[in-house]
Amino acid sequence: MGRSAPSNIPMDRPFNIIGHMTAFRPSPRSGAPWLAAMALLTVANLVEPAAALVWAAAAGAGAFLVLEHGRIPRGVRRISAVLGLLSVGLVAFRHVPLDSLRRGAGIGALMASLISSVTLLARAALRSQGSRAVASLLLSQRVRMRCASFAIACQVFGGLLGLAGVNMLLEMASRGDAADPERLPVVAAIMRSFSAATLWSPMFSNVSILLALYPGLSWFTLLPLCMALAVSTVVVGLVMDFIRLRNHVDDPGATAANDGDTRLLRAVLPMIAAMCGFLALVLVIAWLLHVAVAGAIVLLVPIAALGVNTLQAPRGAGRVRHALAELKADYERLPLLAGEVALFMAAGCGGTVIASAIPPEWTHAAAQLVSHSATLACLSLMSSVVLLSFMAVHPVLSVVLVATCFPPALIGLPVVPHLLAIMVGWSVSGTVSPFSMLSLMASRYSGASIYAVSVRANHLFALLCMGIGAVALGIVSRGAPFHP
């Protein structure tokens, strides 16, 4: 097929393809146009829902995967094949409604569209001088401020660039002396801040996936509570680091905190302003077109990426042409996301179909044990997602399974607290599960074992976040309506 790019890109490195830019050469029969068609059809379905559009988007994803099957990691290929065959088998032989398969295909297509579009913006932003300036300034912070600085930066980079920004911060934290005792705590701080960013940023697929499972809810409805949960998560991480370093004395030769903080603020402020401006535009477009925020992101990201490329291009008559060339090159590298597209489509379909095939009496019996207490119900939902993550179940599959098997009415929770409880479980599982994508990335960059960067470093953080989240959502449940 003429492919020279490596076909064994690990499934835990969805955005590390940024580091492989020079090694990539597009194949003669690139699947990128099919991926773009899938994204456009997904947005069209958000504007005017129709079953035909979902099936057409799924067909586009299928054509993309057929053309780019050589880029799908072997492990992902096996998992996707098993989930796909299981989904089709359950629909054919267990009389599971075909609507479950269609709904799962729509979820998978939405996730794939979001991650492919955000990748274009991430690649453009990571080439900026601001990103490089922030990297050097973060590493110059004194020990007592380093974890907090990386945690706050993760909200900016993670919120704007998604996993690409988190990957970049982990790479920054890995620089310097490998024996530095603060390397692992800094990596843990990034992981904890990442879990907070997934609670509010539309750049992650978490909110989009769950909103697809709860018709009638919008990102605008969830934003205040999502931000409150994210702030609580960041505060828990900062307090833990403050207690750990309460008796630490900085080296007198270290960079002055005030000077470092001022320079860091100057470097970060333009990026914060750009992120806020982009998110504001996304929200306005989503409101005007009456579409989900994820749909507005898919539409606007290519334009935003072109704008970033233009600002960074050399001044002159060919500035726009240079920016267009950069955007085209990034677009041609989208086939490197074949593994993620395969996994998203398989997990979306598998989750909804498997959940529909589970006998109702099983879920009713389990729900009766916790439905008498909103706090206990929220904690049970969170724990279920975390437990599945420890069994190496893909997070998308586990979230879809839990949300579908235990709907709000069955477990006795209003819709919003039910969704947020699952979201908290999802965000926490990424930091504490040794099988999560984040733990694999953190282990690679920190040089520590995967158990050390996940369970040992974050078990207390996970327990605190789940406990605080369950109590807070239990209180919210008392005054929340059962329907959006």
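The values are calculated or read from the model by the stated rules, or taken from the named source; none is laboratory data. Everything quoted here is computed from the prediction, not taken from an experiment. Cβ coordinates were reconstructed from backbone atoms using ideal geometry, including for glycine residues, and neighbour counts include every protein chain displayed.
Summary of values
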item	result
Residue match in the stretch 64-75 (condition: surrounded by fewer than 20 Cβ atoms within 10 Å (Cβ to Cβ) and either at pLDDT 90 or above or not in a helix (DSSP H, G or I) (or both))	yes
Residue pairs meeting the criteria (Cβ under 7 Å; at least 6 apart or on separate chains; first over 16 Å from E48 (Cα atoms), in the stretch 280-299; second surrounded by fewer than 20 Cβ atoms within 10 Å (Cβ to Cβ) and not β-branched (V, I, T))	L281/L300; V282/L300
Failed condition for D250, given (1) at pLDDT below 80; (2) touching a helix residue (DSSP H, G or I) at 6+ places or on another chain (Cβ under 7 Å); (3) farther than 25 Å from F204 by Cα; (4) in a helix (DSSP H, G or I)	(4)
Only one of A188, A228, A151, A179 that is farther than 30 Å from S356 by Cα, out of contact with any Pro (no Cβ under 9 Å at 6 or more places or on another chain), at pLDDT 75 or above and surrounded by fewer than 16 Cβ atoms within 10 Å (Cβ to Cβ)	A228
Single residue of A342, A323, A338 found to be among the hydrophobic types (A, V, I, L, M, F, W, C), surrounded by fewer than 21 Cβ atoms within 10 Å (Cβ to Cβ), modelled with pLDDT of 85 or more and part of a helix (DSSP H, G or I)	A323
Test for L223: is it part of a helix (DSSP H, G or I) and at negative phi	yes
Residue ID - farthest from A59 (Cα to Cα), chosen from residues in the stretch 345-399 that are in contact with a Phe, Trp or Tyr (Cβ under 8 Å, 6 or more places away or on another chain), of a type in the set (A, V, I, L, M, F, W, C) and crowded, with 21+ Cβ neighbours inside 10 Å	L381
S4 vs. criteria within 29 Å of L440 (Cβ to Cβ), polar (S, T, N, Q), at pLDDT below 90 and assigned to a loop (DSSP other than H, G, I, E, B)	yes
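Per-residue answers, yes or no, for (1) surrounded by 12 or more Cβ atoms within 10 Å (Cβ to Cβ); (2) modelled with pLDDT under 65; (3) under 22 Å from the mean Cα position of the chain (by Cα):
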residue: L211; (1), (2), (3): yes, no, yes
residue: P215; (1), (2), (3): no, no, yes
residue: S218; (1), (2), (3): yes, no, yes
residue: L222; (1), (2), (3): yes, no, yes
residue: F242; (1), (2), (3): yes, no, no
residue: A257; (1), (2), (3): yes, yes, no
residue: R263; (1), (2), (3): yes, yes, no
